[in-house]
Amino acid sequence: VMTFANVGYLLLGLIGTLLALMGLLSAVKGTPVCTVDALGGGPLPEVRDPAFRAGMELVTRAPLVPGHEVAIYSNGDETYPPLWKDLRGAQKSITMQMYYCEPGRMADMLKEILVERARAGVLVLFLYDAFGTSFKKEYVAELKAAGVRAEPFRPMRVLAAQKIQHRAHIRVVCVDATIGYTGGFGIDDKWFGNGRDKGQWRDSNVRFTGPAVSQLQAAFVACWAETTGMLEVGPMMFPPASGNGEGKAEGGIVAAVLHGSPSVGSTESERFFALSIASARERLYITNSYFVPDKEFRELIADAARRGVDTRILTAGDASDVMSTVYASRARYEELLSAGVRIYEYRNTMMHAKTLVVDGIWGAVGSMNADNRSLSLNEETVMMMLDEGIGASLERHFMDDLEHSDEIDLETFRQRGMFARLKEHAWHVPWRVL
């Protein structure tokens, strides 16, 4: 006999099952973009076509404007000396958001600088991801005691379980709202060095001035508001355009900062990646540390090679810090190699850079990986640039890196053993959450 109590238990069970299913589907959601099409027929605009710029601005919600000065840095030897100098020179404000932070010499250097600037009266706001950061409580306490406003982003709590998968993989440093840094760097001693020797991670980062600094700042402000409940605006955070940075209103590099953010639908990150790939006509060079794109993105990359684009992928190899992603990536190498895509794995140390360059003029440097986590689940920042000088620089870096990499030969790769294939396919099963 079905009693009132039994009906209640049944309804509660159904509601619990539905909520669990909703949570699971949210945690493993993918990207909805499958193809890129020119409505009305005809080819997509190439990257030199003004229509490409207009389309990219709209799908990423990031206006590409002139007025930027940009420096692309390879590895710690090039990145940290100017970064420390800029931080030490801050007069009004420092806003900083990092995903990966570990105790060590670099963390101590950062603490020394932030403490000194805060005691000198500089406003210092510091967001660190609650999952990616391993700072001790004493470290954060010292920052706060000096006046640094340091907060964890999306702490892992039961009542915030829906956010556990959505991390701030973002990299933001803004100094006096006029100088910006983003890329793949973090606060850990492995980022020191030249990126060629064992244990010294290879990374690419960018320092820039101009209007895009405010776009980078806006990414920080959005995350700070979520964390603290305070939406920080005003001229100290967003100075008037006429006084924003060293770049001039006209001339300079055309650029913008993309802020990719989780969504129930399509994200800025995936739209940027898809349109960039589909618009390539001559060359498509992608450097990415965790290269595990879904079937649709693999097909976009393969299509580029099939239409005659020199399509090359540089990713991490056996020196990776997360071998599960390497195995998952290799599980789908044959699809790409068979289409004419050339794939390289970096030797000696971890390849952590996230760059893209199309036809020698459209380039990007940022925190975004070519995986579902970056395209669908995480907060990401990418400096997008439409400039032949930047394109040439990124292509030169790419070719230099190939000298320290091994190209994957299709026929040789097909001869790998059964155990290697089993590992690859086993790790590809959970590819959406790697």
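So which of Arg432, Arg414 is at negative phi, open to solvent by 50 Å² or more (accessible area, probe 1.4 Å), in contact with a strand residue (DSSP E or B) (Cβ under 9 Å, 6 or more places away or on another chain) and in contact (Cβ under 8 Å) with a residue 60 or more places away in the chain? Even if it seems obvious, please write down each step before you answer.
Numbers: Arg414 fails: in contact with a strand residue (DSSP E or B) (Cβ under 9 Å, 6 or more places away or on another chain).
Of Arg432, Arg414, the one residue that is at negative phi, open to solvent by 50 Å² or more (accessible area, probe 1.4 Å), in contact with a strand residue (DSSP E or B) (Cβ under 9 Å, 6 or more places away or on another chain) and in contact (Cβ under 8 Å) with a residue 60 or more places away in the chain is Arg432.
Among the residues in the stretch 396-403, are any part of a helix (DSSP H, G or I), closer than 17 Å to Glu335 by Cα and open to solvent by 30 Å² or more (accessible area, probe 1.4 Å)? It would help to see each step written out before you state the result.
Step one: filter the stretch 396-403 for residues part of a helix (DSSP H, G or I), giving 396-402.
Keeping just the survivors that are closer than 17 Å to Glu335 by Cα gives none.
No, the stretch 396-403 contains no residue that is part of a helix (DSSP H, G or I), closer than 17 Å to Glu335 by Cα and open to solvent by 30 Å² or more (accessible area, probe 1.4 Å).
Look at Leu110 and say whether it is in a helix (DSSP H, G or I), touching a residue at least 24 places away in the same chain (Cβ under 8 Å) and hydrophobic (A, V, I, L, M, F, W, C).
Criteria met by Leu110.
Of Arg48, Arg53, which residue is open to solvent by 90 Å² or more (accessible area, probe 1.4 Å) and within 22 Å of Arg307 (Cβ to Cβ)? Walk me through it before giving the result.
Numbers: Arg53 fails: open to solvent by 90 Å² or more (accessible area, probe 1.4 Å).
Every option except Arg48 fails the conditions.
Touching an Asp or Glu at 6+ places or on another chain (Cβ under 7 Å) and either of a type outside the set (Asp, Glu) or under 28 Å from Glu232 (Cα atoms) (or both): which single residue out of Lys85, Lys111, Lys136, Lys144 fits that description?
Lys111
When the stretch 160-208 is examined, which residues are found to be of a type in the set (A, V, I, L, M, F, W, C), surrounded by 19 or more Cβ atoms within 10 Å (Cβ to Cβ) and closer than 19 Å to Ser376 by Cα?
Ala168, Ile170
Would you be able to say whether some residue in the stretch 349-359 is basic (Lys, Arg), crowded, with 24+ Cβ neighbours inside 10 Å and either in a helix (DSSP H, G or I) or touching a residue at least 24 places away in the same chain (Cβ under 8 Å) (or both)?
Within the stretch 349-359, the first condition is being basic (Lys, Arg), and the residues that meet it are 354.
Remaining after also requiring crowded, with 24+ Cβ neighbours inside 10 Å: 354.
Still in the list and also either in a helix (DSSP H, G or I) or touching a residue at least 24 places away in the same chain (Cβ under 8 Å) (or both): 354.
Yes, the stretch 349-359 contains a residue that is basic (Lys, Arg), crowded, with 24+ Cβ neighbours inside 10 Å and either in a helix (DSSP H, G or I) or touching a residue at least 24 places away in the same chain (Cβ under 8 Å) (or both).
Under 6 Å between Cβ atoms, at least 6 apart or on separate chains: pull out the pairs that start in the stretch 26-42 with a residue that is open to solvent by less than 40 Å² (accessible area, probe 1.4 Å) and end on any residue that is modelled with pLDDT of 85 or more and part of a loop (DSSP other than H, G, I, E, B).
Hits for this filter: Gly30/Asp294; Val33/Ser266; Ala38/Leu44.
Could you tell me whether the stretch 375-395 includes any residue that is touching a residue at least 40 places away in the same chain (Cβ under 8 Å), more than 21 Å from the chain's Cα centre (by Cα) and open to solvent by less than 10 Å² (accessible area, probe 1.4 Å)? Steps first, please.
We begin by selecting, within the stretch 375-395, every residue touching a residue at least 40 places away in the same chain (Cβ under 8 Å); these are 375-387, 389-390, 393-395.
Cutting the leftovers down to more than 21 Å from the chain's Cα centre (by Cα) gives us 389.
Going one step further and asking which of them are open to solvent by less than 10 Å² (accessible area, probe 1.4 Å), we end up with none.
There is no residue in the stretch 375-395 that is touching a residue at least 40 places away in the same chain (Cβ under 8 Å), more than 21 Å from the chain's Cα centre (by Cα) and open to solvent by less than 10 Å² (accessible area, probe 1.4 Å).
Give me a count of the residues in the stretch 1-58 that are farther than 30 Å from Glu296 by Cα and part of a loop (DSSP other than H, G, I, E, B). Give the steps one after another, and end with the answer.
The first filter runs over the stretch 1-58 and keeps only residues farther than 30 Å from Glu296 by Cα, leaving 1-17.
Cutting the leftovers down to part of a loop (DSSP other than H, G, I, E, B) gives us 1-3.
Looking only at that region, the number is 3.
The values are calculated or read from the model by the stated rules, or taken from the named source; none is laboratory data. In this text, all values refer to a predicted model and were calculated from it rather than measured experimentally. Heads up, the Cβs are rebuilt from the backbone with ideal geometry, glycines too, and the neighbour counts pull from every protein chain shown. When the accessible area is computed, the model is the full protein with side chains, heavy atoms only, and any ligands, DNA or RNA have been set aside. Shrake-Rupley method; radii C 1.70, N 1.55, O 1.52, S 1.80 Å.
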